[in-house]
Amino acid sequence: MSAVPVSSPLDWAHPLVRDWFVQRFGTPTEPQEQGWPYILAGRTTLISAPTGSGKTLAAFLACIDRLVRKALAGELSDRTEVLYISPLKALGNDIQKNLEIPLGEILQMAGERGLLMPEIRTAVRTGDTLMKDRQAMLRRPPHILVTTPESFYILLTAEKSRAILRDVETVIVDEIHAVADDKRGVHLSLSLERLEVLTHRPAVRIGLSATQKPIEDVAHFLAGNGRPDPVIVNIGHKRTIDLGVEVPSTELGPVASNEMWDEVYDRIVQLVNEHRSTLVFVNTRRLAERIAHQLGARLGEENVAAHHGSLSRKLRLAAEKKLKDGEVKVLVATASLELGIDVGSVDLVCHISSPRSIAVALQRVGRSGHWRGAVPKGRFFVTTRDDLAECAVLVRGIRSGELDRLIFPECSLDVLAQQIVACCAASSSAADGTSDGWDEEELFALIKRAYPYRNLSRETYTDVLEMLSEGIASQRGRYGAYLHHDHVNRKLRPRRGARLAAITSGGAIPDNALFSVVAEPDGANVGTLDEDFAVESMAGDIMLLGNTSWRIRRVEGRTSRVLVEDAKGAAPTVPFWRGEAPARTSELSEQLGDLRREISDRLHGVVPVEGWRHLPVVAEVVGWLREECGLDASGAEQLIQYVLEGRAVLGDVPTQTTIIAERFFDEGGGMHLPRF
């Protein structure tokens with residue numbers, strides 16, 4: 001099927017939708033103009049475009065137009081026709097808000113023109129959704145449903161919610177790169193195939209992303225295996241970006257001193273005061289709390305907010321709203337605000353240390369300049385010499401158009417077992433749990449249509465079925481048998497309890513031992529703490545959460561709760577959460593090795609002795625680093641010194657092809673090498 005030919009980019013739209021768009025935006029952006037013909041033709045379409053280029057509206061406008069036409073014709077019924085899948089709960093809430101504005105304005109425009117048009121309704125279904133809202137959704141399904149991969153899986157598996165998905169005609173997977181390279185994406189790919197079996201006809205799939213490589217593999221991940229080639233609308237990820245590396249005047253070392261941190265805080269305050277709205281990204285929740293607290297002490301607590309995944313939904317939404325409404329000058333966040341969330345007109349993004357990924361850096365800097373013609377502006381703050389080298393190659397990689405390559409997990413058997421049990425449990429519709437079940441060959445065919453399972457062997461599939469039907473042997477007998485496997489009729493049926501196991505044990509996000517933080521006396525949920533931090537805390541301790549000081553009243557190990565009260569600004573300790581720092585990507589590591597080698601080669605024969613900075617060849621390399629990597633003179637000289645001193649001591653520089661292991665001796669004289 002080819003694209004629908006149009007003489008004008010919006011000739012296809014209903015006059016109401018077209019006039020609203022023209023009044024709001026004037027002319028379409030490039031991803032909108034190129035994407036609409038294929039979406040209208042019902043093609044599976046992947047739109048790759050820079051952040052802030054209007055690709056979300058490119059996906060939604062054709063759906064809105066279809067719903068508006070039905071509403072005006074009196075054919076709009078209470079059924080869900082559009083499913084939007086977001087990798088983050090916060091992104092889902094934001095999309096709903098940004099959908100309600102255009103839908104409300106189109107409804108108002110219809111009334112002004114004397115047209116009778118019923119309301120087009122949206123709803124969000126995530127882990128944060130209240131029970132009363134979930135029940136209301138089942139009684140009266142929204143026309144557009146916003147959800148996450150995990151909640152989508154539950155909707156497919158729970159008996160009552162499956163019914164509202166039968167009428168889905170369009171599936172939009174936003175920020176697809178954020179899930180495609182891990183087991184969440186594997187899980188989602190199987191859920192999309194289960195939806196295809198459930199719906200009356202195959203839904204049109206639309207994928208959106210700002211950063212992805214290789215783009216062809218991402219498109220096939222979206223479309224599934226054994227289907228026509230998807231359409232790729234690739235606007236590219238390169239755009240004009242104002243990037244810079246902020247180097248403290250204090251000489252960098254292996255760790256940051258308190259004096260250096262004070263300098264970093266003061267510089268951020270200066271930048272915040274020079275801009276209307278600033279986002280500060282960090283790599284860990286602990287650092288988010290610490291920096292928000294320090295900035296609050298300098299700018300006033302009312303001007304600073306924190307945002308991370310361990311804060312309650314209420315506090316996260318409040319922080320987003322404050323920044324969007326201009327009530328705070330700066331918001332300190334982790335990856336919880338990385339993807340596509342509209343937090344108003346952000347002028348500047350600061351990042352503390354390297355984000356350790358080119359794609360993540362692009363996403364985070366892309367949170368700024370979200371209006372037509374604006375230039376995103378980002379500043380990377382370095383705190384150590386290793387940070388300096390990494391941020392330098394990060395800027396160099398972005399300027400040269402590099403991207404991190406996505407690595408797709410294949411044939412994940414844990415996810416496969418979950419989805420097989422969920423498929424069989426969802427096929428059970430009778431009150432007593434009985435059903436005809438799944439034909440094992442048909443289920444195998446469904447699984448093979450998911451891109452990550454295109455190479456799944458029949459033998460491996462049979463082994464998984466055997467485990468799920470016979471259970472796992474242990475000293476106390478067998479357990480974990482969730483299916484009946486009828487080898488004669490080749491049918492798979494759920495055992496009692498299979499549906500409950502599928503719903504309560506689904507997903508690919510690892511479980512963490514967390515304690516809930518509950519504020520007294522009103523009982524409001526504040527957020528969560530790492531188990532180790534919670535059990536090490538005592539009544540009377542003051543801790544920081546959400547840039548607010550809380551006094552611990554009681555730690556309840558049995559209920560996994562920490563009861564707190566407002567500490568009225570008393571000096572707090574900063575909580576910690578385990579295992580949250582990101583790893584560096586292979587592409588960034590390779591570029592880091594290349595930069596070290598290039599500096600070493602350009603300064604062949606130069607040794608770090610007195611007067612080395614005044615050598616003409618050093619001045620030449622300093623100028624090259626300033627041009628290539630966005631460093632100032634001090635940063636360039638410190639990076640050169642780091643490479644030269646390392647080469648002088650170690651005899652070489654570490655690269656992708658040269659590994660240098662530093663040995664050390666313990667108190668007993670035993671020699672040790674670091675573990676790789």
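The values are calculated or read from the model by the stated rules, or taken from the named source; none is laboratory data. Small disclaimer: the values here were computed from a predicted structure and weren't measured. Heads up, the Cβs are rebuilt from the backbone with ideal geometry, glycines too, and the neighbour counts pull from every protein chain shown.
Observations, loosely collected:
- Filter pass, R367 being of a type outside the set (A, V, I, L, M, F, W, C), touching a residue at least 40 places away in the same chain (Cβ under 8 Å) and at positive phi: no
- The residues listed here are V68, V22, V82; of these, the one that is over 25 Å from the mean Cα position of the chain (by Cα) and at pLDDT 95 or above is V68.
- Meets criteria (modelled with pLDDT of 95 or more and part of a loop (DSSP other than H, G, I, E, B)) for T27: no
- Residue that is nearest to A318 (Cα to Cα) [pool: residues in the range 108-124 that are touching a residue at least 12 places away in the same chain (Cβ under 8 Å) and assigned to a helix (DSSP H, G or I)]: M109
- Of the strands (runs of 3 or more DSSP E) lying entirely inside the range 460-533, those carrying at least 1 residues that are of a type in the set (F, W, Y) and touching a helix residue (DSSP H, G or I) at 6+ places or on another chain (Cβ under 8 Å) are 514-519.
- Qualifying residue in the range 198-211 (condition: surrounded by fewer than 18 Cβ atoms within 10 Å (Cβ to Cβ), in contact (Cβ under 8 Å) with a residue 60 or more places away in the chain and not aromatic (F, W, Y)): no
- Selection of the range 265-302 for residues being in a helix (DSSP H, G or I), farther than 20 Å from C391 by Cβ, of a type in the set (G, A, S) and touching a residue at least 24 places away in the same chain (Cβ under 8 Å) yields A292, G296.
- Every residue from the range 282-326 that is within 23 Å of S345 (Cα to Cα), among the hydrophobic types (A, V, I, L, M, F, W, C) and buried (at least 19 other Cβ atoms within 10 Å of the Cβ): V282, A288, I291, A292, L295, V304, A305, A306, L315, A319, L323
- Members of the range 104-132 that are touching a strand residue (DSSP E or B) at 6+ places or on another chain (Cβ under 7 Å) and not β-branched (V, I, T): A123, R125
- Inspection of the range 528-538 identifies at least one residue that is farther than 22 Å from L317 by Cβ, surrounded by fewer than 13 Cβ atoms within 10 Å (Cβ to Cβ) and either outside the structural domain of Y461 (by TED's automatic domain parsing) or in contact with a strand residue (DSSP E or B) (Cβ under 9 Å, 6 or more places away or on another chain) (or both).
- Scan of the range 303-317 for residues that are touching a strand residue (DSSP E or B) at 6+ places or on another chain (Cβ under 9 Å) and either of a type outside the set (K, R) or without any contact (Cβ under 8 Å) to a residue 24 or more places away in the chain (or both), ordered by number: N303, V304, A305, A306, H307, H308, G309, S310, L311, S312, L315
- Qualifying residue in the range 198-213 (condition: within 23 Å of the chain's Cα centre (by Cα), within 29 Å of T157 (Cα to Cα) and hydroxyl-bearing (S, T, Y)): yes
- Test: residue in the range 487-508 that is within 30 Å of E580 (Cβ to Cβ), in contact with a Leu (Cβ under 9 Å, 6 or more places away or on another chain) and modelled with pLDDT of 90 or more: no
- Sole residue being within 18 Å of G569 (Cα to Cα) and charged (D, E, K, R), chosen from E301, E327, E274, E263: E301
- Residue within the range 164-180 that is touching a helix residue (DSSP H, G or I) at 6+ places or on another chain (Cβ under 9 Å), within 24 Å of A508 (Cβ to Cβ), polar (S, T, N, Q) and crowded, with 16+ Cβ neighbours inside 10 Å present: no
- Tally of residues being exposed (fewer than 13 other Cβ atoms within 10 Å of the Cβ) and under 28 Å from L317 (Cα atoms) across the range 488-504: 1
- Condition check for E105: outside any loop (DSSP other than H, G, I, E, B) and modelled with pLDDT of 90 or more: yes
- Scanning the range 585-599 finds no residues that are touching a strand residue (DSSP E or B) at 6+ places or on another chain (Cβ under 6 Å) and within 17 Å of E390 (Cβ to Cβ).
- Taking the range 296-329 as the range and being among the aliphatic types (A, V, I, L, M), more than 21 Å from the chain's Cα centre (by Cα) and within 12 Å of L279 (Cα to Cα) as the test, the residues that pass are V304, V328.
- Residues of the range 39-58 that turn out to be touching an Asp or Glu at 6+ places or on another chain (Cβ under 8 Å) and assigned to a helix (DSSP H, G or I), as a count: 1
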